[in-house]
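A.B. asks: Mind looking over this structure? Questions follow.
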Amino acid sequence: MKNSKDDGRRPSASFVVGAVALLFLIIGYQAALFIHKASVARIIANHDAPDTVYLNDPSPKKQGIDVQEIRHSRHSAAAQSIRRANSPRRYESFKFNPNTVSVDDLMRLGFSEKQAQSIDNYRRKGGRFRRKSDFARSYVVADSVFKRLEEYIDIPLIDINKADSATFETLPGIGKFFAAKMVSYRSELGGYSYKEQLMDIWHFDEEKYEGLKDLITLSPPEPFQLWTLPESRLASHPYIGKEAAHGIVLYRENTARDGWSVRSLVEAGVLDPDQGSKLERCRIAPPPAEDNDRANAPD
């Protein structure tokens, strides 16, 4: 039998070309991975220590010293996304308001970028976390994460003596009508003295109050000057009115000052019991001292 020239099984030219091409492909892929990792590392490094650009100030020297302004380069959204995706995850726990906390800080708290963006999108569409339980119900907040963060959630209460109508509208069951009424009634009272005064507002019932009472607080109002205001000003108070205001002025003119009190006005028939019980809970300035009047009296 004759020996064939192919007995050595030497690879064909097409096989060699294919093998070389595959080798270059592998090398190219590895090089691309290396460049990508290097680029990512550079972006992350720049975030921790941004490039610095020095700009000579062409303006005249200030106090004989050349002025140099330093400006730090700001990274693009794409670079920020790459940094977030490739930076090591380090969870932290700190106080935060879920209605205002930034996406970056949400990620520091342990949320992925996608989860943090979802929370931010909810807020941008008008969503609001009124209570800690609202945050727990968000579909991106796992039970384990909420359990870790619950004590750090800090949602400020709304001060009904400082809030504007737009802030009142964020409360459950409060639209534009009630928000405006809450502001105007506060003005009539001279400031809320206790939270239940909201139920004086027309159609502001107990059910509505119960739905928001844990979301509000109040700072002390200015004391109501019951014992010094003129009759016209007294008459404008919701708990007094025109007839009682006239009676208060007469009472002040004809009664010893050491006996002045809201209770004494009720006992004298100047205020009815319902008016008196409400006014008694208000922050009222004490009667002026008689000694001051004598000191200020003309000789």
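A.B. asks: Just to be sure I understand the curve: with the Debye formula and one point per C-alpha of the range 130-205, what is log10 I(q)/I(0) at q = 0.20, 0.26 Å⁻¹?
C.D. replies: Treating every Cα as an identical point scatterer, log10 I(q)/I(0) equals -0.84, -1.17.
A.B. asks: Net charge around ILE153, counting only other residues with Cβ within less than 15 Å of its Cβ (Lys, Arg = +1; Asp, Glu = -1)?
C.D. replies: Working: positive: LYS95, ARG108, ARG123, ARG128, ARG130, ARG131, LYS132, ARG137, LYS147, ARG148; negative: GLU92, ASP105, ASP134, ASP143, GLU150, GLU151, ASP154, ASP214.
That sum, taken over residues with Cβ under 15 Å, equals +2.
A.B. asks: According to the square roots a ≥ b ≥ c of the eigenvalues of the Cα gyration tensor, what is the shape class of the range 87-153, taking rounded for a/c under 1.5, prolate for a/b larger than b/c otherwise, and oblate for the remainder?
C.D. replies: Details: a/c = 1.58, a/b = 1.17, b/c = 1.34.
In terms of gyration-tensor shape, oblate.
A.B. asks: Using a simple spin-label model with points 7 Å from Cα along the Cα→Cβ vector, what separation in nm is obtained for GLU206 and GLN30?
C.D. replies: Modelled inter-label distance: 7.9 nm.
A.B. asks: Further question on the same structure: Rounded, prolate or oblate for the range 146-299? Axes are the square roots of the Cα gyration tensor eigenvalues, ordered a ≥ b ≥ c, and the cut-off for rounded is a/c under 1.5.
C.D. replies: Working: a/c = 2.72, a/b = 2.08, b/c = 1.31.
Prolate shape, in that a/c is at least 1.5 and a/b is the bigger ratio.
A.B. asks: Tell me, what is a quarter of the convex hull surface for the C-alpha atoms of the range 199-261, in nm² with one decimal?
C.D. replies: On the way: hull surface 24.4 nm².
In nm², the orientation-averaged hull projection of the range 199-261 is 6.1.
A.B. asks: Something else: Treating the beta-carbon of each Lys and Arg as +1 and of each Asp and Glu as -1, no other charges, what is the dipole magnitude of the range 146-299 about its Cα centre, to the nearest 20 debye?
C.D. replies: Numbers: 18 positive and 27 negative charges, 61 e Å.
My answer is approximately 300 debye.
A.B. asks: May I pose another question? Quickly rank 272-281, 201-210 as a protection proxy: mean count of other C-beta atoms within 10 Å, highest first.
C.D. replies: On the way: 272-281: 15.2, 201-210: 12.5.
In descending order of packing, they fall as 272-281, 201-210.
A.B. asks: How long are the three semi-axes of the equivalent ellipsoid of the range 174-219, in whole Å, if each is the root of 5 times an eigenvalue of the C-alpha gyration tensor, listed from largest down?
C.D. replies: Its equivalent ellipsoid spans semi-axes of 15, 13, 10 Å.
A.B. asks: Can you give the local net charge around GLY173? Use residues other than it whose beta-carbon is closer than 9 angstrom to its beta-carbon, Lys and Arg +1, Asp and Glu -1. Mind dumping the intermediate values first?
C.D. replies: Details: positive: LYS208; negative: GLU207.
Taking every other residue near GLY173 into account, the sum is 0.
A.B. asks: Could you check how many percent of all C-alpha pairs in the range 226-268 are farther apart than 12 Å?
C.D. replies: Working: 504 of 903 pairs.
Counting pairs separated by more than 12 Å, the tail of P(r) holds 56 percent.
A.B. asks: Quick one: if you stick a label point 7 Å off each Cα along the C-beta vector at ALA166 and VAL145, how many nm between them?
C.D. replies: According to this spin-label approximation, the distance is 2.9 nm.
A.B. asks: Of the listed pairs LYS195/LYS242; LYS242/LYS278; LYS125/LYS162; LYS181/LYS213; LYS125/LYS213, which have alpha-carbon separations greater than 19 Å here? Walk me through the numbers on the way to the answer.
C.D. replies: Details: LYS195/LYS242 25 Å; LYS242/LYS278 17 Å; LYS125/LYS162 26 Å; LYS181/LYS213 17 Å; LYS125/LYS213 25 Å.
Exceeds cut-off: LYS195/LYS242; LYS125/LYS162; LYS125/LYS213.
Laboratory data are not the source of any read-out in this text; all were calculated from the coordinates shown. For clarity, every value in this text was computed on a predicted model and none was experimentally measured. For neighbour counting, all protein chains shown are included, and Cβ atoms are generated from backbone atoms with ideal geometry for every residue, glycine included.
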